[in-house]
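The values are calculated or read from the model by the stated rules, or taken from the named source; none is laboratory data. Just so it is clear, the structure is predicted and the values come from calculations on it, not from any experiment. With ideal geometry, Cβ positions are generated from the backbone for all residues, glycine too; neighbour counts draw on all protein chains shown. These area figures cover heavy atoms from the full protein model, side chains too; ligands, DNA and RNA do not enter into them. Shrake-Rupley method; radii C 1.70, N 1.55, O 1.52, S 1.80 Å.
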Amino acid sequence: MQSNGYAYINTIGCQMNVYDSEKLAAILKALGFRHTTDMDQADIVVCNTCAIRHKAEEKAFSFLGRFAKAKRKKPRLLTVMAGCVAQQEGKKAFKRVPHLDLVLGTQAFSRFGQHIAALQSGRRQIVDTAPSDVIFDTMPDKADVSENQVSRFVTIMQGCDNFCTYCVVPYVRGRERSRSWESIVEEIRILADTGVREVTLLGQNVNSYGRREGGISFADLLEKVARVAGISRIRFATSHPKDLSCELIQAITDLDKVCSHLHLPVQSGSDRILKKMNRGYTREIYLSRINDLKNACPGIALSTDIIVGFPGETRTDFHDTMSLLTEVGFDAIFAFAYSDRSSAPASKFSDQVDEKEKMDRLNQLLALQDQVTEEKNKQVKGQVMQVLVEGVSAKQHADFVKTSDNMQQMTGRTASNKVVHFPSDTAAVGDLVDIQIMDAYLHSLWGQPLERQTS
Ligand code: SF4
């Protein structure tokens with residue numbers, strides 16, 4: 001194949017964008033571009049963008065803005081804005097980045113190749129934000145799965161029908177559309193053949209998988225994925241509390257490969273704010289789902305998303321969120337100060353909370369959660385936990401002693417999504433190793449492989 005030069009992809013945002021960028025990279029490879037991590041070497045630069053918060057959006061514009069000079073030096077250099085900001089802005093993006101060549105919306109990936117061909121034959125400033133009913137689901141090329149990659153994301157659906165009032169996703173990723181289970185299972189088989197041992201099934205609301213198409217349920221999909229040989233662990237994100245069914249809780253309980261960790265965004269602990277957010281459940285319903293989970297899967301790890309400073313949030317509302325954190329005892333949270341999104345309804349709500357107050361609340365919330373997380377991690381000291389080895393630790397632990405030439409400090413995750421560091425001269429990437437937890441910290445655990453204990 002004739003070489004088209006080098007391609008550089010910058011991915012901003014969520015796991016789904018990481019997955020989408022892998023798809024864009026595969027298309028560019030098929031078009032004869034070689035991947036590069038050196039921007040100056042690139043003949044095409046793609047920025048896969050995120051519109052979830054103002055900061056992420058500005059990151060995309062400042063990144064692409066930097067190529068004006070390069071473009072003057074190298075006029076054939078192609079610049080592409082892809083993803084959620086591209087979908088949101090469309091041709092308006094050219095006003096802020098006049099040297100941009102292509103604006104590729106979230107549902108236009110299947111047309112990426114033809115737009116590149118049009119640009120290479122001289123066309124400029126192409127916009128494609130047209131909707132598409134199908135999800136672009138090409139199969140991964142085994143050669144593209146990097147060696148030693150034990151964990152991989154697999155998108156199972158796109159879009160969202162929930163219209164939470166602070167969120168742009170339904171406007172930039174469209175209505176919910178699910179891939180066929182056959183193509184998902186086929187993709188996971190290919191990944192398992194290359195040594196991938198853990199898959200994370202991705203969707204904005206995986207609990208409603210297949211609903212629009214009248215296909216199988218998410219619990220049934222988990223059951224099919226669990227039958228794929230070579231896959232040891234299955235994770236998924238994101239679940240919407242209002243769609244957390246008894247069938248799904250049963251699948252988490254029954255299927256050994258489904259990890260004992262669930263990410264269940266609550267966003268607020270106040271019914272008044274949950275209503276303004278259009279979340280579709282109350283604090284009581286959320287807590288009853290949590291209790292159902294804890295009863296069915298004792299010891300399950302839980303994480304959540306929280307927004308503080310939503311328009312109209314009073315201190316009483318905020319304290320409802322603080323008390324919910326204590327009541328549930330999450331293992332981890334992802335918390336953000338509310339950020340206006342022009343295309344989301346909440347941006348027109350009155351009673352905006354001032355920035356300083358928002359940050360104070362965020363810091364209070366994070367400080368409380370740090371205590372809860374550290375306490376939860378301390379509770380597993382002395383336990384034996386199975387760890388999927390991901391590689392050599394970047395940072396050496398104080399207790400690490402190199403007792404043999406091959407001894408290294410390895411790292412991996414438990415099924416409950418806790419990071420564990422441990423010494424080993426035998427463990428390899430992809431192994432499942434039983435580790436006795438010796439010490440616990442805020443963001444990780446330290447342990448010893450069980451066999452060393454017996455000697
Ligand atoms: S469930 Fe709500 S927050 Fe999540 S993607 Fe859909 S609209 Fe956005």
**Request:** Report the FRET efficiency, 1/(1 + (r/R0)^6), for Thr37 and Thr316, where r is their Cβ-Cβ distance and R0 is 51 Å, rounded to 0.05.
**Result:** 0.55
**Asked** Based on the Cβ-Cβ distance from Val384 to Lys275, what FRET efficiency comes out when R0 is 35 Å, to the nearest 0.05?
**Response** 0.20
**Message:** With no other cysteine's Cβ closer than 4.7 Å, which Cys residues of the chain count as lacking a disulfide-compatible partner?
**Reply:** Cys14, Cys47, Cys50, Cys84, Cys160, Cys246, Cys259, Cys297
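Carbon and sulfur together cover what percent of the accessible area of segment 384-454 at a 1.4 Å probe radius? Numbers along the way, then the final one.
Details: 1680 of 3490 Å².
Ligands and nucleic acids excluded, carbon and sulfur reach 48 percent.
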**Prompt:** Over segment 142-378, what lengths in whole Å, largest first, do the semi-axes of the equivalent ellipsoid take, defined as the square roots of 5 times the eigenvalues of the alpha-carbon gyration tensor?
**Reply:** 32, 21, 17
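Restricting to Cα atoms and excluding each atom paired with itself, what does the Kirkwood estimate give for segment 151-217 in Å?
Values: mean 1/r = 0.0779 Å⁻¹.
Hydrodynamic radius (Kirkwood, Cα only) of segment 151-217 equals 12.8 Å.
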**Prompt:** Can you give the relative contact order of the chain as a percent, counting alpha carbon pairs under 8 Å and 6+ residues apart?
**Reply:** 10 percent
**Message:** If Rh is defined by the Kirkwood formula over all Cα pairs and Rg also comes from Cα, what ratio Rg/Rh do you get for segment 5-128?
**Reply:** 0.91
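Hey, what's the Cα Rg ratio for the chain versus the globular rule of thumb, 2.2 N^0.38 Å? Could you put the intermediate results ahead of the total?
Details: Rg = 23.1 Å, N = 455, 2.2 N^0.38 = 22.5 Å.
Taking the Cα Rg and dividing by 2.2 N^0.38 Å, one obtains 1.03.
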**Asked** Dividing the alpha-carbon radius of gyration of segment 266-341 by 2.2 N^0.38 Å (N being the number of residues), what value is obtained?
**Response** 1.10
**Accessible area expressed per residue, the chain, with surrounding protein chains retained (probe 1.4 Å, Å²)** = 44 Å²
**Request:** Any chance you could list P(r) for segment 384-454, counting all Cα-Cα pairs in 10 angstrom bins from zero, rounded to whole %?
**Result:** 22, 63, 15, 0
**Fill in**
From the Cα centre of segment 66-84 to that of segment 155-190, the distance in Å is 30 Å
**Message:** Report for the chain the percent antiparallel among DSSP-assigned beta bridges with both residues inside it, nearest 5.
**Reply:** 35 percent
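Can you give the longest stretch of the chain with no exposed loop site, where a site means chymotrypsin sites (Phe, Trp or Tyr not before Pro) in a DSSP loop (not H, G, I, E or B) with at most 16 other C-beta atoms within 10 Å?
The reported range is 164-348.
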**Message:** Under 25 °C and 0.890 mPa s, how fast does segment 330-455 diffuse according to Stokes-Einstein, given a Kirkwood radius computed over C-alpha pairs? Answer in µm²/s, whole number.
**Reply:** 144 µm²/s
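Where in segment 46-134 are there trypsin sites (Lys or Arg not before Pro) that are in a DSSP coil and have at most 15 other Cβ atoms within 10 angstrom of their Cβ? Display every interim value, and only then the final one.
Working: sites: Arg53, Lys55, Lys59, Arg66, Lys69, Lys71, Arg72, Lys73, Arg76, Lys91, Lys92, Lys95, Arg96, Arg111, Arg123, Arg124; in loops: Arg53, Arg66, Arg76, Arg123, Arg124.
Sites meeting the loop and neighbour criteria: Arg66, Arg76, Arg123, Arg124.
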**Request:** Give, in nm to one decimal, the length gained when the segment between Ile285 and Ala117 is fully stretched (0.36 nm per residue of separation minus the Cα-Cα distance).
**Result:** 55.3 nm
**Asked** Across every pair of different alpha-carbon atoms, what Kirkwood hydrodynamic radius in Å does segment 46-194 reach?
**Response** 17.0 Å
**Fill in**
Summing +1 per Lys or Arg and -1 per Asp or Glu among the other residues with Cβ less than 10 Å from Ser217's Cβ gives -2
**Asked** Counting only protein heavy atoms and using a 1.4 Å probe, what share of the accessible area of segment 142-378 belongs to carbon plus sulfur, as a whole percent?
**Response** 51 percent
**Asked** What is the local net charge at Asn377, summed over the other residues whose Cβ is closer than 9 Å to its Cβ (Lys, Arg +1; Asp, Glu -1)?
**Response** +1
**Prompt:** Rg/Rh for segment 73-139: what does it come to with C-alpha atoms and Rh from Kirkwood?
**Reply:** 0.98
**Request:** Just tell me which lysines come within less than 17 Å, Cα to Cα, of Lys381; anything on the same chain fewer than 8 places away is out.
**Result:** Lys418
